[in-house]
Structures are given as structure tokens and as C-alpha cells.
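Enquirer: Please see the structure below; I have some questions.
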Amino acid sequence: MKISTDIKPISFLKSKAADMLKQVNETHRPIIITQNGEPRAVLQDPESYENMRNAIGLMKLISLGEEDILKGKSKTQDQVFSDLEKLVGS
């Protein structure tokens, strides 16, 4: 995959929007839109966007979990099961 083929000026977007939508949905590669030679936006298919958002969400959860562990805000597996047994009354 050569990213330089996926960088297009805004004038290209204006004249070839349907073609660009077809490309991102077929290839699942985003297209970087430039204005005055500077990157200004990214055109991406919905499935890839949703997958990216889900991955970022999972990474945030992992980061929060690691932070809790470092702060001593965690329990061992045995402690969790013991607490659950107390709640359930087994």
C-alpha cells in the first residue's frame, strides 16, 4: 500500500466524490484530503471507522486498567470470586 496514492487535493474531491467513495469502500483505505497542500481531512469507509473507534475504546479501557493496577486499585481473582460468593450467598 502506497499512501501517496491516497492523498488527494480538495479539488479532486469536488469533481470525483462518487469515485472516491467507491474507492474507500472497496479498498478500506482512507484518503487524505489536502487544501493548499496541507492535510485537512480524512475520508474513510464506515466499517473501518467503526473498527478504529472500537479499537481506540478498548485501548482506553486497557490504559485505565493499567493505571488502576499501578495505583493499587485492583483485586486478585480469588478476592473477586470470594466477594461474588458473599453476594450470591453460596
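The values are calculated or read from the model by the stated rules, or taken from the named source; none is laboratory data. Quick caveat: nothing in here was measured; it's all calculated off a predicted structure. Note: ideal-geometry Cβ built from the backbone for every residue, glycine included; neighbour counts use all protein chains shown.
Enquirer: Among the numbered criteria (1) exposed (fewer than 10 other Cβ atoms within 10 Å of the Cβ); (2) assigned to a loop (DSSP other than H, G, I, E, B), which one does Lys86 miss?
Expert: With (1) exposed (fewer than 10 other Cβ atoms within 10 Å of the Cβ); (2) assigned to a loop (DSSP other than H, G, I, E, B) applied to Lys86, the lone miss is (2).
Enquirer: Here are Asn36, Asn25: which of them is surrounded by 10 or more Cβ atoms within 10 Å (Cβ to Cβ), in the same structural domain as Ile7 (by TED's automatic domain parsing), under 27 Å from Lys8 (Cα atoms) and free of Cβ contacts under 8 Å to residues at least 40 places away in the same chain? Step through it out loud before you land on a result.
Expert: Working: Asn36 fails: surrounded by 10 or more Cβ atoms within 10 Å (Cβ to Cβ).
Of the residues listed, the single one that is surrounded by 10 or more Cβ atoms within 10 Å (Cβ to Cβ), in the same structural domain as Ile7 (by TED's automatic domain parsing), under 27 Å from Lys8 (Cα atoms) and free of Cβ contacts under 8 Å to residues at least 40 places away in the same chain is Asn25.
Enquirer: Check Ser63, Ser74 and return the single one that is part of a loop (DSSP other than H, G, I, E, B), over 30 Å from Leu21 (Cβ atoms) and hydroxyl-bearing (Ser, Thr, Tyr).
Expert: Numbers: Ser63 fails: part of a loop (DSSP other than H, G, I, E, B).
None of the others qualify; the one that does is Ser74.
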